[in-house]
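The values are calculated or read from the model by the stated rules, or taken from the named source; none is laboratory data. Because the structure is predicted, anything quoted here is derived from the model rather than measured. Cβ atoms come from the backbone with ideal geometry, glycine included; neighbour counts cover every protein chain shown.
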Amino acid sequence: MTTTQIHPALTAQEEALLPSDEDVRHYAEHGWYLSKKLFTDEEVDALVAATDRYYDGERDRTLPVRPPKLAYWDPSKGPVQRHNDYVHYEHDGIAAILRKPLLGAVAARLARAAEIRVFQSTLIYKPPIDGEPSNIVPWHFDKHYWSSSSSEDMLTAFIPFHDCGEEMGTITMVDGSHRWKEIGADDTVVRHFAERDRDQLEEMLARNAAHNGAQIRKIPMVIPKGHVSFHHCRTYHGSGANVSGRPRRAISLHLQDGANAYREFPLSDGTLAAYNHDVLVRRTHDGRPDYADPDFCPVIWRDRAQQGG
């Protein structure tokens, strides 16, 4: 019996682009999924144009306060790998494409969730500079940075703006690593990989693989234009150098299931794990940061049963 549902917000053509039952099983086993073509060439080209305007300084709004660990490239930082957070909040042209219902519906199928909200969006530009150290993204998994989130089902959609293969330093998954039991983690894992020693992260991956009796099987995502790779929040991933001669441009769209909420996660120094949202979003009735704040964490998919008829 199939578990696929007909979603009123999708066309019949879009329905055919949803993950199959076998795809959902693959994601559960391997921790990653490469989609069918979810965006038309015209939509991707519009995304490129919108991000060009963003880099030129165009904003529809800016963040009301600057979070403590905000990634926010500007030209003064030079030709390093660029990361810009909250582009879905600051630029309506980018947001309109990222909130495509089909994208949320695919994520909902993979996460087996009735609702999908944006958690974060990061615009990425990896320059074609051989040897640029910022181009190497060491092995990590996203849940380390989301310790203040209650969900274990969050996931990320990596959306390149062009064909993206190994020569461009595409995102690369460690197959099945989301099912590993973690060993040797301490409070440093909540720090972003840019603040960590790369060799230490490589060693941590090897130790965790050995603890689980697993081989480290690295799968580069070869992603055609308009297709999207998805990975589970506990899937180890990273990326290598861009040796293609062209910039690698993409958005990393972090997604949360509807059940996700802020939780207290104590650290050994007596403080609580925090996320950038915590200084931005509204508060719940009991004073916690609200990870369902529609301004910063908009819903992009909700099943028919959740839509009030």
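Within segment 110-128, can you find the residues that are part of a loop (DSSP other than H, G, I, E, B) and on the phi < 0 side of the Ramachandran plot?
Within segment 110-128, Ala113, Ala114, Pro127, Pro128 meet the criteria.
Return the residues of segment 65-100 that are assigned to a helix (DSSP H, G or I) and under 21 Å from Pro138 (Cα atoms); say none if nothing qualifies.
Within segment 65-100, Lys77 is the sole residue that qualifies.
Report, ordered by the first and then the second residue, all pairs with beta carbons closer than 7 Å, sequence separation of six or more or different chains, a first member in segment 198-222 that is over 14 Å from Ile183 (Cβ atoms) and touching a residue at least 12 places away in the same chain (Cβ under 8 Å), and a second member that is in a helix (DSSP H, G or I) and aromatic (Phe, Trp, Tyr).
Pairs found: Leu201/Phe193.
Condition check: under 27 Å from Leu110 (Cα atoms), surrounded by fewer than 19 Cβ atoms within 10 Å (Cβ to Cβ), modelled with pLDDT under 95 and of a type outside the set (D, E, K, R). Does Gly270 satisfy that?
no
Does Glu90 count as of a type in the set (Asp, Glu), within 16 Å of Leu280 (Cβ to Cβ), buried (at least 17 other Cβ atoms within 10 Å of the Cβ) and modelled with pLDDT of 95 or more?
Yes: the conditions hold for Glu90.
Select from segment 236-264 the residues that are in contact with a strand residue (DSSP E or B) (Cβ under 6 Å, 6 or more places away or on another chain), farther than 29 Å from Glu42 by Cβ and not in a strand (DSSP E or B) and list them in ascending order.
Tyr236, Gly258, Asn260, Glu264
Name the residues in segment 13-64 that are among the hydrophobic types (A, V, I, L, M, F, W, C), in contact with a Gly (Cβ under 6 Å, 6 or more places away or on another chain) and part of a helix (DSSP H, G or I), would you?
Val44, Ala50, listed by residue number.
So, Arg217, is that one basic (Lys, Arg) and either in contact with a Pro (Cβ under 6 Å, 6 or more places away or on another chain) or crowded, with 20+ Cβ neighbours inside 10 Å (or both) or not?
no
Listed here are the residues, each with its yes/no results for (1) closer than 21 Å to Thr170 by Cα; (2) surrounded by 16 or more Cβ atoms within 10 Å (Cβ to Cβ).
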residue: Val24; (1), (2): no, yes
residue: Thr51; (1), (2): yes, yes
residue: Leu70; (1), (2): no, no
residue: Gln81; (1), (2): yes, yes
residue: Ala95; (1), (2): no, yes
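Considering only residues that are assigned to a strand (DSSP E or B) and either out of contact with any Ser or Thr (no Cβ under 6 Å at 6 or more places or on another chain) or under 25 Å from Asp303 (Cα atoms) (or both), which ones fall in segment 223-235?
Selection gives Ser229, Phe230, His231, His232.
Could you identify the single residue in Glu195, Glu202 that is within 20 Å of the chain's Cα centre (by Cα), surrounded by fewer than 15 Cβ atoms within 10 Å (Cβ to Cβ) and at pLDDT below 95?
Only one candidate qualifies: Glu195.
Please name all residue pairs, on different chains or six or more residues apart, with Cβ atoms under 9 Å, provided the first residue is in segment 145-156 and is hydrophobic (A, V, I, L, M, F, W, C) and the second residue is modelled with pLDDT under 95 and assigned to a loop (DSSP other than H, G, I, E, B).
Between residues of segment 145-156 that are hydrophobic (A, V, I, L, M, F, W, C) and residues that are modelled with pLDDT under 95 and assigned to a loop (DSSP other than H, G, I, E, B), the close pairs are Trp146/Ala273.
All but one of (1) out of contact with any Gly (no Cβ under 6 Å at 6 or more places or on another chain); (2) surrounded by 14 or more Cβ atoms within 10 Å (Cβ to Cβ) hold for Arg282, so report the exception by its number.
Looking at each condition in turn, Arg282 falls short on (2).
Can you go through Lys126, Lys218 and tell me which one is at pLDDT 95 or above and over 17 Å from the mean Cα position of the chain (by Cα)?
Of Lys126, Lys218, the one residue that is at pLDDT 95 or above and over 17 Å from the mean Cα position of the chain (by Cα) is Lys218.
Name the pairs whose Cβ atoms lie under 6 Å apart, with the first residue in segment 291-309 and modelled with pLDDT of 95 or more and hydroxyl-bearing (Ser, Thr, Tyr), the second surrounded by 12 or more Cβ atoms within 10 Å (Cβ to Cβ) and not in a strand (DSSP E or B), and 6 or more positions between them or separate chains?
Taking only residues 6 or more apart or on different chains, the pairs are Tyr291/Asn260; Tyr291/Ala261; Tyr291/Cys297.
For segment 66-80, give me each residue that is closer than 21 Å to Phe119 by Cβ and modelled with pLDDT of 95 or more.
Scanning segment 66-80 gives Arg66, Pro67, Leu70, Ala71, Tyr72, Trp73.
If you check Asp295, Asp278, which single one turns out to be under 21 Å from the mean Cα position of the chain (by Cα) and either assigned to a helix (DSSP H, G or I) or of a type in the set (A, V, I, L, M, F, W, C) (or both)?
Exactly one of Asp295, Asp278 is under 21 Å from the mean Cα position of the chain (by Cα) and either assigned to a helix (DSSP H, G or I) or of a type in the set (A, V, I, L, M, F, W, C) (or both), namely Asp278.
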